[in-house]
Amino acid sequence: MIFNNNPMIKKVLLTFILCLSIFIVYIFLVTNGLLGRYESPGNVTKINLPSSFIESKTIRQLEATKELNIGNTKQILFGDLHVHTTYSADAFLMSLPMLSGEGTHPPADACDFARFCSSLDFWANTDHAEDLNTKAWKEIVSSVRSCNKVSDMSGVPDLVAFLGWEWSNIGGYGLPHYGHKNVIFKDIEDENIPSRPIGSEGLPGLLDMDTVGKTILSATRPFDTRVHDLMRYIKDRHDPKCPKNIAVRDLPLNCKETAATPGDLFDKLNDWGHDTIVIPHGTTWGNYTPPESTWESQLSDEQQDPYLQILVEVYSGHGNSEEFRNWTNIDINDSGLKTCPKKSHNYLPGCWRAGEIIQLRCLSEGISSTICLQRAEKARRDYVNAGIGGHFTVPGEKPFEWLDANQCKDCFLPSFNYRPKGSAQYMLALRNFDKDQYTERFKFGFIGSSDVHSGRPGTGYKEFSRKGMTEAIGPADIGAQILSVPDNDPPISSSISKIYTIDTLPKGTGLIEVERISSFFYTGGLVAVHSDGRDRDSIWRAIKKKEVYATSGPRILLWFNLINSPSGDSINMGSEVKMKENPRFLIRAMGSLKQIAGCPSYSVNSLDPSSLESLCKGECYNPSDIRRKISRLEVIRIRPQVTEDEIIELGKGKLIEDPWKVIDCIPDELGCVASFSDPDFDKSKRDTVYYVRALEESSMIINSGNLRCKYNDLGECIKVNICSGSILNTPKQDECFSRDEERAWSSPIFVDYDYL
């Protein structure tokens, strides 16, 4: 009645209803992707690089080979076979301004960055297959072709671009976990590549965001045009799933093809019959790898194809996956139940720390030590039962409370929440004892990559711009934390049992510890190939022969050879040989060229100033004539299992010996040369794997200090200074530098004992 008698109130109310209706319609349009722009592949910059650019690379390497007395004429070329653009859903999410993102970085940006910023010799576009439909795949193909065309205008390619995608399976909570694999194709013509990418089946991703989630995000960021673009992206990528049990060439064109397991993926790739390789990566990542995960589950005829899956990525901008450690994330008792391992000098299990947090809270409330100990034991059980979501069983937990729990304290630039049974060393020590199977061992070559999500292949050429050259993103403001999983529980002194299933997983960024993981993002690694030439065929031949090695970013030159093979020939890294005689090896290494500030003239002349700043961040690969010194060479010896009950351990006389030998180098810009032999080989009569690391003199590296612990006299972390991705917690200008030794890892040489 009062509204009818008061025209002013009635007018205000009607105006409010009208505005609310308009806002609701507006949010409906945003949520359904009707106001967003289409994410196009962009345009590759069509400018020739000067011939002197390639000539200078070649001359510098020739000078190095002469100094090291290397007789072969092969070039060492550097590339990045793991590159995401904003055609990947997670990359799109990371591009949002609300997460301190920079906006779109399509495939064309990746080509320009590789040519003008990082000065690579080759790269591969590997956007997530799960996020691509047929239209997006065709656009990537077209962009990669354009990149090759512009790079080959002078007749000698300054850059070779490969096609690929990433297949990502995330398990746990009753589902098997197979991890992440990049699929790379040699050729780019329609008749030599699949019609569509093949994704995985498993946990839901960003494209599965429900209507409620999309509406909340749209309503809280109504005028953020990049959020509008995200909703358009989600809408455009929803193709129907392909039908099952139909040959790959007979499937409808516009459908999303999936493979539930690595074996299914290999079968489909073999059905296509194209020249292909598959490269697993992120094998020690604990941010969404179940704690009990082990690569033993993939050492079988069903889940391994030794003709396709021939390399493993040991280093990327997401950390090192090389090193094995004897500690475990969780234990499994004789009854098959998960239990919490005790903490040790070099490892603090997250489950153990959960008990400590609860116990400290309990004691601070004046509760008896007996009850507090019982609560600590329950907290540890709750943690292990929750899998990768264990940290949420501690109510009101804060990132700093976990100290350095779950981290490899003595690994070089380790991945977050390290899983040792996914390490390359563990893989090489495994043997399959099923006599009915062909697959016996993993014999992987080693590569490094960036795994960049901003279309920037080869980000490790300089240590700068933590927010631009690493994945250390985070909320730009308080409101942006909607994309994380808020823990609003009060910090009480009892743990909460949280048994997650695929249906009860938190939405948004899921169970990832957003703040802590940002201390474990680095500039990217590289793959180096010993190639007969700069062309596609030569590079591919080297890759297929596993004549490759990994670096943590710098362009270290490395040769590793077996010099007394039965044939009399020198055997290159990545090779397999049988022999009775004790093997003898030769290592030759030369440090990377120190960098000059800024960009070379060809980059400055090719890109306009705004592009040079936005894409390259004002710094390019710009080598001086001075090389860093190699400080030492480390030899790793791995003797794969002989019996099924042989325990894989790290240590002197164990299956994994790291380092087995350490060779100190005389500090010299002209490199380091050393030889060694294995006097135990003919006595042990065991198959043996050898590879080497070449370490450069120490330098400043982003995030090398990880959580930046303060230690007590016992070497225990008592306080952390987390290098957060959020600009709320870590200033943008803080590059989180610490000193460490950049390195290169050779591919192994596999020396099997010849019983004949």
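Quick note: the coordinates plus some simple rules give every number you see, no bench work behind them. Because the structure is predicted, anything quoted here is derived from the model rather than measured. Here Cβ is always computed from backbone atoms with ideal geometry, including for glycine, and neighbour counts include all displayed protein chains.
Brief remarks on what is shown
- Condition check for residue 574 on (1) at negative phi; (2) of a type outside the set (Phe, Trp, Tyr); (3) not in a strand (DSSP E or B): one failure, at (1).
- One residue stands out in the stretch 189-206 among those that are crowded, with 19+ Cβ neighbours inside 10 Å and hydrophobic (A, V, I, L, M, F, W, C): the one that is farthest from residue 253 (Cα to Cα), namely 206.
- In the stretch 273-312, the qualifying residues are those that are aliphatic (A, V, I, L, M) and under 13 Å from the mean Cα position of the chain (by Cα), and the one that is surrounded by the fewest Cβ atoms within 10 Å (Cβ to Cβ) is 312.
- Single match in 752, 682, 734 (criterion: in contact (Cβ under 8 Å) with a residue 40 or more places away in the chain, farther than 18 Å from residue 591 by Cβ, out of contact with any Cys (no Cβ under 7 Å at 6 or more places or on another chain) and in a helix (DSSP H, G or I)): 682
- Criterion applied to 677, 631, 698 was being farther than 30 Å from residue 345 by Cα, small (Gly, Ala, Ser) and touching a strand residue (DSSP E or B) at 6+ places or on another chain (Cβ under 7 Å), and the one residue passing it is 677.
- Those residues of the stretch 544-563 which are charged (D, E, K, R) and either in contact with a Cys (Cβ under 7 Å, 6 or more places away or on another chain) or surrounded by fewer than 24 Cβ atoms within 10 Å (Cβ to Cβ) (or both), in sequence order: 544, 545, 547
- Count - residues of the stretch 108-141 that are among the aliphatic types (A, V, I, L, M), under 30 Å from residue 240 (Cβ atoms) and assigned to a loop (DSSP other than H, G, I, E, B): 1
- Which listed residue, of 119, 168, is under 28 Å from residue 264 (Cβ atoms), polar (S, T, N, Q) and buried (at least 24 other Cβ atoms within 10 Å of the Cβ): 168
- Look at (1) within 30 Å of residue 351 (Cα to Cα); (2) in a helix (DSSP H, G or I); (3) among the β-branched types (Val, Ile, Thr) and you find that residue 234 fails only one, number (1).
- Qualifying residue in the stretch 99-107 (condition: over 30 Å from residue 602 (Cα atoms) and part of a helix (DSSP H, G or I)): yes
- Test result for residue 31, buried (at least 17 other Cβ atoms within 10 Å of the Cβ) and of a type in the set (Val, Ile, Thr): yes
- Among the residues of the stretch 365-396, the ones that are free of Cβ contacts under 8 Å to residues at least 40 places away in the same chain and on the phi < 0 side of the Ramachandran plot come to 8 in all.
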